[in-house]
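Heads up, the thing below is written out as structure tokens.
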Amino acid sequence: MLDIKRLERRWLKYKIKSFLPHFIALFAVLSLLIGISLWFNTEKSADHNRTDTEKNIVSLTKVPLPTPISDHNKTVLEPSMEFVQTFQDQYVAPEPESKTPPAEVPVPAVNKPVRPVPVPPKTLHMPEYTPPPEAPAGLKAVPAVSRTVTNDKSLSINRNESKLDIEDLQRRFKETSNANLGLFIARYYYDHGDFNEAYNYALKTNNVNNRIDESWILFSKSLVKLGKTDQAKKTLQLYISQSNSDAARGLLDAIEKGNFK
Amino acid sequence: MEPSLFSKPRDLFLDIVNPRDYVQIDSVSHMYQSLKNSVQKPLKMILLYGRPGTGKSMLLHKLHHDLSKHQKVLMVSTPIVDEDDFLRVIAQNIFGHSPREVMTLNRFLEISSALSLRDTPIVLLDEAQLYSPSLMEKIRLISDARAIKFVITLHKTDKEDIIAKEHFQTRIWESIELQNASAEELKIYVQKKLLKANCFDVANMFNDKNMKLIAALTKGNYRETNKLLFSLFSLYCWYEENHPARIQYNAIRPKWIEMAAIHTGLIHA
């Protein structure tokens with residue numbers, strides 16, 4: 001006698017068993033396909049990123065790196081801040097005029113405008129202090145020349161770094177392609193935390209003149225700030241190999257040690 | 001109570017070898033004709049071999065059924081293992097001689113030559129692989145003496161091939177190999193069997209897909225096919241009685257074929 005219920009249960013078990021390998025195979029194939037597609041996409045995006053980086057590196061390497069600096073191409077920054085600093089430190093004394101009788105002297109030096117003299121600091125001599133001749137009684141009320149007052153009046157440097165000024169500089173840089181201007185703008189943007197612009201202007205400056213240490217350093221620093229540390233390292237290594245710059249080496253060390261982030 | 005539509009087909013597939021149930025299939029008919037022709041020739045021994053369930057026994061029974069009308073033919077369906085008994089049974093059925101003394105090979109040959117029949121009598125031995133080697137040797141000697149013409153059937157397995165080689169290979173004048181049926185042949189077999197019994201509706205229920213499934217499950221073995229179909233129609237009988245709405249009368253349900261296969265052990269579930 002047939003036990004149909006039991007037969008049906010056995011048949012169901014048999015069907016599940018017979019279809020199980022197919023399901024497993026199908027699942028395996030689907031998993032494999034998904035895995036391959038994910039891997040392919042990852043590889044593709046990695047390739048894309050790699051290509052971009054390589055393009056940047058190539059564009060960097062296309063910029064001719066510095067050759068031994070010759071006097072012919074020497075870049076001079078003007079005006080010399082050193083000079084200004086030195087000048088500020090100078091004690092401004094009244095010009096000793098020995099020939100002038102003391103009575104005619106009482107014109108205080110403070111009234112004379114101090115003009116920056118375009119003389120290198122080395123040529124400046126610290127004038128010897130000579131006590132001022134005794135002024136006549138009427139003039140004694142006039143206060144003595146104060147150094148600070150003199151300095152305040154004569155060296156009031158107004159740094160107008162407004163947006164308009166920078167725009168003006170950018171326009172001039174565009175017109176003249178002056179590397180110094182470019183470097184100044186790059187430095188300005190770096191100081192103000194706009195590393196993208198700093199990177200751009202440093203790069204432009206390098207294109208104009210690729211022998212400015214500071215420009216390469218600013219460029220690398222901006223790269224680090226933009227999170228492209230590897231690219232910055234590569235750039236610095238490349239630059240060091242060509243220019244043997246100590247500053248660049250120092251920065252590279254700092255980046256590698258993690259001191260500069 | 002109305003008789004079940006499927007009870008008659010079920011009984012048709014009972015595993016009984018009956019020459020009246022012989023179904024003519026092209027390949028089998030060809031084999032049978034070859035066998036009949038071989039029997040007419042003055043051959044000493046004819047071997048019919050093939051894998052189990054290829055229809056050897058059925059052919060042998062059919063041959064016996066057809067030849068017995070014209071000449072002396074003895075069909076030994078169940079092997080007689082004892083040599084004395086074997087010779088005695090043959091002597092009694094073929095020569096009508098039943099000696100009281102022990103029947104030896106020499107005595108058997110004497111009886112055979114004394115009678116000198118016009119047509120060489122034929123003995124059909126089914127399942128010959130079950131005979132002992134010494135008895136097989138005697139059978140060979142009898143056939144060599146042209147006292148009796150033997151038609152024997154053998155299962156074709158590796159082991160039985162060795163027996164065939166040792167005892168028959170050099171003496172067999174004709175050998176016929178039977179093959180397992182293809183899906184088409186099985187379809188013809190099933191449908192002819194059903195149509196012969198006037199089960200037209202049930203015969204039309206078998207389509208090619210069903211027969212491919214049956215052939216795959218039974219590997220073209222007629223005996224397994226009979227068992228499977230018997231179980232299948234038993235299932236139909238049950239459903240007809242208990243859940244008639246679940247029966248589709250236009251086609252056999254593959255699920256039920258598989259259930260029948262599970263029941264008969266063709267599928268291990």
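The values are calculated or read from the model by the stated rules, or taken from the named source; none is laboratory data. Everything quoted here is computed from the prediction, not taken from an experiment. Every residue, glycine among them, receives a Cβ derived from its backbone with ideal geometry; neighbour counts consider all protein chains shown.
The condition (being in a strand (DSSP E or B) and surrounded by fewer than 19 Cβ atoms within 10 Å (Cβ to Cβ)) is satisfied by just one residue among B:LEU43, B:LEU74: B:LEU74. Can you pull out every residue in the range B:251-269 that is touching a residue at least 12 places away in the same chain (Cβ under 8 Å) and either more than 8 Å from chain A (Cβ to nearest Cβ) or touching a His at 6+ places or on another chain (Cβ under 6 Å) (or both)? The answer is B:ALA251, B:ILE252, B:PRO254, B:TRP256, B:ILE257, B:ALA260, B:ALA261, B:THR264, B:LEU266.
Would you call A:LEU238 within 25 Å of A:ASN49 (Cβ to Cβ) and either of a type in the set (S, T, N, Q) or not in a loop (DSSP other than H, G, I, E, B) (or both)? In short, yes. Picking from A:THR205, A:THR235, A:THR148, which residue would you name as being at pLDDT below 85 and of a type in the set (Val, Ile, Thr)? Among A:THR205, A:THR235, A:THR148, only A:THR148 is at pLDDT below 85 and of a type in the set (Val, Ile, Thr). Scanning the range B:18-35 for residues that are free of Cβ contacts under 8 Å to residues at least 60 places away in the same chain and in contact with a helix residue (DSSP H, G or I) (Cβ under 7 Å, 6 or more places away or on another chain) yields B:PRO19, B:TYR22, B:TYR32.
Here is the figure for the range A:10-54: residues that are charged (D, E, K, R) and at the interface with chain B (Cβ under 9 Å from one of its Cβ atoms) total 4. When the range B:192-250 is filtered for residues that are in a loop (DSSP other than H, G, I, E, B) and either within 14 Å of another protein chain (Cβ to nearest Cβ) or aromatic (Phe, Trp, Tyr) (or both), the ones remaining, listed by number, are B:PHE206, B:HIS243, B:ILE247, B:TYR249.
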